[in-house]
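Trainee: Structure below; questions to follow.
The values are calculated or read from the model by the stated rules, or taken from the named source; none is laboratory data. Bear in mind that the values here come from a model prediction, so they are computed numbers and not experimental data. When we count neighbours, we look across all protein chains shown, and the Cβ atoms used for this are built from the backbone with ideal geometry, even at glycine. Side chains are part of the model used for accessible areas, which takes the heavy atoms of the whole protein and leaves out ligands, DNA and RNA. Shrake-Rupley method; radii C 1.70, N 1.55, O 1.52, S 1.80 Å.
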Amino acid sequence: MGCCLAALLFLSGCAIPRVRAEDRLFLSLSADFVDTYALSSSALDGVPVGGLSAITYDIQRDRYYALSDDRGRFGPPRFYVLRVEFDATEPQRPRIGSVEIESVTLLKDAQGNPYEADQLDPEGIALTPLRTLLIASEGSAAANTEPLIGEYDLEIGQLQRQFQIPDRYLPDRDDGPNAGQTKGVQENLSFEALAINASSGASGLFEPYRLFVATEAPLLQDLDPEPDIPLKNRFLHYYVDQYQSTLLSEHLYPMDFAPSGAVLNGLSEILVVDQSGHFLGLERAFGLQEFSIKLYQLATGGATDISAIATLKGSLDSINPIQKQLLLNFSDLDRPLDNFEGMTLGPRLSDGSQSLILVSDNNFEQDGQTELLVLRLTDVSD
């Protein structure tokens, strides 16, 4: 009997395919190109439409809120309401039929005043269960403006509350003869990515949710001088209820090495995929080879809390970073690449698949383009 059982176990073991640890860590996702749509250059209420650095989808209204990162050069900080109509004539080949910019809302401070130039650099946006907008601003050490994570009224754009940001993220300034910064977020490389993990709210009651914010590049005190060491970004995790927010943890986000000749390399967006710690991460580089854009699946389970670590310089063998798996290299799409900075899960497409909507930032340049790109997100294990 024992020999037969041993033989059965041996044969069963041979029949079971080997599963890599990486395959158990990540979801079985694929991302495929569906369509693209270029918005025409125009102005709304006297300010140009452009600089769209983030986007979020409102499933209740079937509308998108697109955030402009204009610091006040062309108009006040603002977000747009977009209506995107899909052409379902061919269900297996869904396409964008039209895009309408319905309105623009100016962002205001807690007193209801419009922001002055360089006081807000909005880069990340998400819609909350309370139907407010969470917006991340990079700030500017040069303009003596601190980074901000704020909750804004959806209808009038006024700041309702601010989230506490640890001191290590705040730039220090020395106004003496050796003026300079020694810590905090780097200029124009601050809070670029923002996402929330909220329940469906089927009970009709407000339920606390999780907020995630990531830096585009390392804090100044985390920046290694050696070019052969990958950039080490920080990924913040907040717990939010109706009355307060608590920073629960921080994690190390390891950047890919920049392509040769790149002058910019950063994490431009994150997006929650499920309730189990899976995200999408959008990395973007720019330089001699133009844009390099890659979409990653992220797994945060098991990542070390680094909130008590003052600097990430040097070897970090004792730290478990956020794990990454390449989902799509945009260079493989065989099409010109724009400056894609924002993404959101959109509606189901006519073929039943989940849409992933990305938006590009034209930087208000004449040869820049504001573009929506649609990907099909599929669970290949089905």
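Trainee: Would the range 91-235 count as rounded, prolate or oblate if I go by the C-alpha gyration tensor, calling it rounded below 1.5 in a/c and otherwise prolate when a/b exceeds b/c, oblate otherwise? It would help to have the intermediate numbers written out before the result.
Mentor: Numbers: a/c = 1.86, a/b = 1.53, b/c = 1.22.
Taking the square roots of the gyration eigenvalues as a ≥ b ≥ c, the range 91-235 is prolate.
Trainee: Evaluate the distance, in nm, between pseudo-label points positioned 7 Å from the Cα of Asp305 and of Lys183 along their respective Cα→Cβ axes.
Mentor: Simple spin-label model gives 2.0 nm for this pair.
Trainee: Once you keep just the Cα pairs under 8 angstrom separated by 6 or more residues, what percentage relative contact order results for the chain? Each step should come with its number before you reach the end.
Mentor: Values: 937 pairs, mean separation 63.0, N = 382.
Here the relative contact order equals 16 percent.
Trainee: Here's a follow-up. Calculate I(q)/I(0) for the range 21-73 by the Debye formula, one identical point scatterer on each C-alpha and no solvent, and give its log10 at q = 0.20 Å⁻¹ to two decimals.
Mentor: -0.95
Trainee: Within 10 Å, at most 16 other Cβ atoms, and a DSSP state outside H, G, I, E, B define an exposed site. Report the longest part of the chain free of exposed trypsin sites (Lys or Arg not before Pro).
Mentor: On the way: sites that count: Arg18, Arg20, Arg61, Arg73, Arg131, Arg173, Lys183, Lys313.
It runs 184-312.
Trainee: Give me the mean projected area, in nm² to one decimal, of the convex hull enclosing the Cα positions of the range 189-292.
Mentor: Details: hull surface 31.4 nm².
Taking a quarter of the hull surface, the average projection is 7.8 nm².
Trainee: For every other residue with a beta carbon closer than 14 angstrom to the beta carbon of Ser98, add +1 if it is Lys or Arg and -1 if Asp or Glu, then tell me the sum.
Mentor: On the way: positive: Arg63, Arg83, Arg95; negative: Asp35, Asp62, Glu85, Asp87, Glu100, Glu102.
Local charge sum for Ser98: -3.
Trainee: Express the carbon and sulfur contribution to the solvent-accessible surface of the range 274-321 as a percent, rounded to the nearest whole number, probe 1.4 angstrom.
Mentor: Working: 1130 of 2200 Å².
Of the solvent-accessible surface of the range 274-321, carbon and sulfur hold 51 percent.
Trainee: Binning at 10 angstrom from zero up to the longest distance, how are the C-alpha pair distances of the chain distributed in percent?
Mentor: Over the chain, the share of Cα pairs per 10 Å bin runs 5, 23, 33, 25, 9, 3, 2, 1, 0 percent.
Trainee: Now for a different question. So what's the range 66-138 giving for Rg/Rh, alpha carbon basis, Kirkwood Rh from the mean inverse pair distance?
Mentor: Working: Rg = 15.8 Å, Rh = 14.2 Å.
Rg divided by Rh gives 1.11.
Trainee: With the Cα gyration tensor of the range 39-168 giving a ≥ b ≥ c as the square roots of its eigenvalues, does the rule (a/c under 1.5 for rounded; else a/b larger than b/c for prolate; else oblate) give rounded, prolate or oblate?
Mentor: Working: a/c = 2.18, a/b = 1.70, b/c = 1.28.
Judged from the Cα gyration tensor, the range 39-168 comes out prolate (a/c at least 1.5, a/b above b/c).
Trainee: Which of the GluC sites (Glu not before Pro) found in the range 134-174 are loop residues per DSSP with 12 or fewer other Cβ atoms within 10 Å of their Cβ?
Mentor: Details: sites: Glu138, Glu151, Glu155; in loops: Glu138, Glu155.
Loop-located and lightly packed - Glu155.
Trainee: Can you give me the accessible area per residue for the chain, using a 1.4 Å probe, in Å²? Working shown, then result.
Mentor: Numbers: 18110 Å² over 382 residues.
Heavy-atom accessible area per residue stands at 47 Å².
Trainee: Within the range 322-365, find all residues whose amide N lies under 18 Å from a label point positioned 7 Å from the Cα of Gln289 along Cα-to-beta-carbon.
Mentor: 326-340
Trainee: Please label the shape of the range 256-323 as rounded, prolate or oblate, based on the square roots a ≥ b ≥ c of the eigenvalues of the alpha-carbon gyration tensor (a/c under 1.5 means rounded; beyond that, a/b larger than b/c means prolate, else oblate). Intermediate values should be presented prior to the final figure.
Mentor: Values: a/c = 2.86, a/b = 1.33, b/c = 2.15.
The shape class here is oblate.
Trainee: Suppose the chain between Ser98 and Ile156 were pulled fully straight at 0.36 nm per residue; how much longer would it get relative to their current alpha carbon spacing? Don't jump to the answer; show the numbers that get you there.
Mentor: Working: separation 58, 0.36 × 58 = 20.88 nm, distance 2.63 nm.
Stretched fully, the Ser98-Ile156 segment lengthens by 18.2 nm.
Trainee: Could you please report the charge total around Ile135, scoring K, R as +1 and D, E as -1 over all other residues with beta-carbon less than 9 angstrom from its beta-carbon? Write down the numbers at each step before the final one.
Mentor: Numbers: positive: none; negative: Glu123, Glu151.
Within the 9 Å Cβ shell, the charges total -2.
Trainee: Compute the signed sum of charges (Lys and Arg +1, Asp and Glu -1) over the other residues within less than 10 Å, Cβ to Cβ, of Asp35. All intermediate terms of the calculation are to be shown ahead of the outcome.
Mentor: On the way: positive: Arg93, Arg95, Arg376; negative: Asp87.
So the environment of Asp35 carries a net charge of +2.
Trainee: Suppose a student asked you for the relative contact order of the range 160-303, using Cα pairs under 8 Å spaced at least 6 residues apart; what percent would you report? If you can, show how the numbers build up before the last one.
Mentor: Working: 297 pairs, mean separation 24.0, N = 144.
About 17 percent, as a whole number.
Trainee: Here is a follow-up. Which number gives the lysine pairs in the chain that have C-alpha atoms under 29 Å apart and are eight or more places apart or on different chains?
Mentor: 11
Trainee: Right, another one. Taking every Cα atom in the range 224-382, find the radius of gyration and the maximum pairwise distance Dmax, and write them in Å.
Mentor: 17.3, 50
Trainee: Taking 0.36 nm per intervening residue step and subtracting the Cα-Cα distance, what contour gain separates Gln275 from Leu248 on full extension? Kindly include the intermediate steps, with their values, before the conclusion.
Mentor: Numbers: separation 27, 0.36 × 27 = 9.72 nm, distance 1.62 nm.
That works out to 8.1 nm of additional length.
Trainee: Pairs of alpha-carbon atoms within less than 8 angstrom and 6+ residues apart define the contacts here; what relative contact order does the range 292-378 have, in percent? Working shown, then result.
Mentor: On the way: 127 pairs, mean separation 20.4, N = 87.
About 23 percent, as a whole number.
Trainee: ³J(HN,Hα) across the range 217-224 via Karplus (A = 6.51, B = -1.76, C = 1.60, θ = phi - 60°), whole Hz, x for Gly/Pro?
Mentor: Using θ = phi - 60°, the values come out as 8, x, 4, 4, 6, 9, 7, 7 Hz.
Trainee: Take Lys313 and Asp332, extend 7 Å from each Cα along the Cα→Cβ direction, and tell me the distance between the two endpoints in nm.
Mentor: The answer from the label model is 3.8 nm.
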